[in-house]
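This report refers to the structure that appears directly beneath it.
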Amino acid sequence: MQSWSFKEGFGLDNLVKTDEVMPEVGPRDVLLEMHAASLNYRDLVVMQGGHGRTVAPPLVPLSDGVGKIIATGRQVADFAVGDRVCPAFYQHWYGGAPPANLDKGRLGGPLDGVLATHRVFAAETLVRIPEYLSDAEATALPCAGVTAWSALNEPTSLRSGETVLVQGTGGVALMALQLAKAMGARVIMTTSTPAKAKQLRELGADDVIDRSKVSNWHHLVQEMTEGRGVDRVLELGGATTLNTSVKSVKTGGTVLLIGNVTGNVAELFLPLLLSRRITLHAVSVGSQETFRSLCKVLQFHRIRPVIGKLFDFDDALLAFGALESGEVFGKVCVSCQPDRNK
């Protein structure tokens, strides 16, 4: 088997491909032949060494992948050889409230990720995926898909007829757009280029705000909602967008804190929150139970995640550059079998 790993340190210069011995399967484990993996913004942070001391090399990157079971341990009863599954982002969050040591169970740091031709996982950490999805499409589910689904259902579920504002065109944003439309909501998207604005409308967005043309875009949101504000905001930007999100949400609305692309430290004008009873709710992917709920919804609505570009296994380094450029609309993926796309 082969894998990509940060061996001596972080940074693309330290991400190397190596040959390894095929891992052994324990009694409660399964061996996956990995078919594909996808990148999230978090993977760039890990690559840059920005995820804290608990995430350290040597480390196989990427949390999101799909594979086929090629061997099972003798005590595995729920899966069989040939099943196509995704490892859950949180390997130890099965359902209910998150465990106290939540950060310790994440794939792609601190646990080894899925950028490999084969991986062994405990059977209890795997989720079957809808058969109609391609391998690349399935890789959009464990982190981006579950995060989007969680944001639309926490602390309460989005209802038909409500309005949701989603920032950007990353994996979480695009999945949230598709899921929210399936739930009967009106969706306002923000983006930074006319080309992406056009693509968002084609994907089903009801309204799109081009941030390159307007800075205080909360005024547009208020106009679009006749001064009421949106029911919830999926806040994916971070420090520089949080206040605008607060100004865009209705009295009694919810701002879902998901990303920190634009910075880690934000100043908030507290009267805007206190006087309007706004809820700030943090979302951190979700449990395996949430993942299974997402798969049921996808199956029912036949939703297909947006795939932007698929790289060969040998070109995995280029995938990081493609995500970092911000130019790809849709998920950036890597085939995990060197000869699969040839």
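The values are calculated or read from the model by the stated rules, or taken from the named source; none is laboratory data. Note that this is a predicted model, so its numbers are computed, not measured. As a convention, Cβ positions derive from the backbone with ideal geometry for all residues, glycine included, and neighbour counts pool all protein chains shown. Side chains are part of the model used for accessible areas, which takes the heavy atoms of the whole protein and leaves out ligands, DNA and RNA. Shrake-Rupley method; radii C 1.70, N 1.55, O 1.52, S 1.80 Å.
Here are some notes:
- Rounded to the nearest Hz, the phi-derived 3J(HN,Hα) couplings of the stretch 60-76 under the Karplus curve 6.51 cos²θ - 1.76 cosθ + 1.60 (θ = phi - 60°) are 7, x, 6, 9, 10, x, 9, x, 10, 6, 10, 7, 10, x, 5, 9, 7, where x marks glycine and proline.
- Per-residue 3J(HN,Hα) values for the stretch 134-150, derived from phi via the Karplus relation 6.51 cos²θ - 1.76 cosθ + 1.60 with θ = phi - 60°, read 6, 4, 4, 4, 5, 5, 7, 8, x, 9, 4, x, 5, 4, 4, 5, 4 Hz in sequence order (x marks Gly and Pro).
- Listed residues 190, 18, 290, most fluctuating in the chain (Gaussian network, C-alpha, under 10 Å): 18
- The stretch 125-247 - convex hull of the alpha-carbon atoms, volume per residue in Å³: 124 Å³
- Annotation: amide H-H contacts under 5 Å for residue 162 (H modelled 1.01 Å from N, sequence separation of 5 or more, or interchain): 186.
- Of 286, 244, 272, farthest towards positive along the dipole that unit charges on Lys, Arg, Asp, Glu beta carbons give the stretch 230-290: 272
- In this structure, the pairs whose alpha-carbon distance is over 28 Å, taken from 68/309; 68/181; 104/198; 68/196; 247/331, are 68/181; 104/198; 68/196; 247/331.
- A helix-only calculation puts the chain at -6500 deg cm²/dmol for mean residue ellipticity at 222 nm, using -39500 (n - 2.57) for each DSSP H run of at least four residues, averaged over all residues.
- Solvent-free Debye scattering, log10 I(q)/I(0), computed from the Cα coordinates of the stretch 44-149 at q = 0.09 Å⁻¹: -0.24
- The stretch 125-182 - convex hull of the alpha-carbon atoms, volume per residue in Å³: 102 Å³
- Approximate spin-label separation residue 70-residue 18, in nm, with each point projected 7 Å along Cα-to-Cβ: 2.0 nm
- Built amide H within the under 5 Å cut-off of residue 307, gap 5+: 331
- Helix 288-301 axis, angle to the chain major axis (alpha carbon atoms, nearest 10°): 70 degrees
- Förster radius 22 Å - calculated FRET efficiency between residue 159 and residue 272, Cβ distance, rounded to 0.05: 0.35
- The chain: relative contact order in percent, alpha carbon pairs under 8 Å with at least 6 residues between: 18 percent
- Whole-percent P(r), the stretch 213-323, all Cα pairs, 5 Å bins from 0: 2, 10, 14, 16, 15, 15, 14, 9, 4, 2, 0.
- The calculated FRET efficiency for residue 296 paired with residue 77, based on their beta-carbon distance and R0 = 22 Å, is about 0.50.
- Protection-proxy order for peptides 295-303, 60-68, each taking the mean of Cβ atoms within 10 Å per residue, highest first: 60-68, 295-303
- Antiparallel %, DSSP beta bridges [both residues in the chain], to 5: 55 percent
- Max mean-square fluctuation residue, GNM over the chain, Cα-Cα springs under 10 Å, options 27, 57, 271: 271
- The stretch 165-224 and the stretch 302-337 have their alpha-carbon centroids 22 Å apart.
- Label sites at residue 44 and residue 226, each approximated as a point 7 angstrom past Cα along Cα to Cβ, lie 3.9 nm apart.
- Karplus 3J(HN,Hα) series, Hz, for the stretch 315-327 with 6.51 cos²θ - 1.76 cosθ + 1.60 (x for Gly, Pro): 9, 4, 4, 5, 5, 4, x, 5, 5, 5, 5, x, 8
- Remark on residue 107: its backbone amide H falls under 5 Å from those of 91, a criterion applied only to residues 5 or more positions apart or on other chains, H modelled at 1.01 Å from N.
- Residue 132 contributes about 30 Å² of solvent-accessible surface, heavy atoms of the protein only, 1.4 Å probe.
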